[in-house]
Structures are given as structure tokens and as C-alpha cells.
Amino acid sequence: MYQAHSITIVPALVGATVALIAFFAPLGNTGVDGTLGAGLAVAGSIATTVLIGVMVARPLSRGWFVTLTILAMIVALLTAIAAFFLMQTLLLIAMAATLAVLIFVFAGDEKRAG
């Protein structure tokens, strides 16, 4: 259950890196550097990474696992929407991939648990 989530952290880390680059871009080459929207995208991508990291790092009860997975899905979706409006395509792709893998892993866990 937890090993499957370890692959989910890869696109989340990519998303956090891309969001940080967009926010702190040198020479203003992203058009959104230093803006509130880019800062919220950074917060969302880091929150997604932290939630997934908690799920990977320690064994959780079924209730906490479901709660953190759903929260990570919501945060990844909202961050992908923010990336769309910020026109940050790489961040959008990374968060969409994170969401897709979370859904895939969660659906696989539900089949095994049921």
C-alpha cells in the first residue's frame, strides 16, 4: 500500500520544483514571478508533496490514509487549476500526473481492501 504511493511523490516533487522556479524566476522570464497566484501554486504543490510524503513515510490507519489521499487529490486538482490560469503548462502537467497516479493508487487500494 505504501510502496505504491512512493511513485506518486515523483510528479509532486517535479510540480513543487516547477512552481518554485516560476515564483522565484530570475530576470522575470515567467511573467508570474513574485505574484500571489504563483505563491499559492507553490504552497499547493508543496502541500501535495508533504501529504504524499506523510503517506509514504509512516503506516497510517485506514481512516487517515483515505483522508490524506482525498486531501492530496483536492490540493493537486486545485493547484492544476491555478497552473492553468497562470499559464504554467509544466506545473499543470505535473499536478495532473500527480492526481492521476493518486486516483490510480487509491482505486487499487480500494479493490484490495474490499
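Rule-based calculations on the coordinates, nothing more; no lab input. Quick caveat: nothing in here was measured; it's all calculated off a predicted structure. Note that we place each Cβ from the backbone using ideal geometry, even for glycine, and neighbour counts take in every protein chain shown.
Structural remarks
- Between helix 36-57 and the chain there is an angle of about 20 degrees, using the helix long axis and the longest principal axis of the Cα atoms.
- Sorting the segments 82-89, 39-46 by their residues' average number of neighbouring beta-carbon atoms within 10 angstrom, most packed first, yields 39-46, 82-89.
- Principal-axis tilt of helix 9-23 within the chain, Cα atoms, nearest 10 degrees: 20
- Rounded to 10°, Cα long-axis angle of helix 62-86 versus longest principal axis of the chain: 20
- On a per residue basis, the convex hull of the C-alpha atoms belonging to the chain measures out at 79 Å³.
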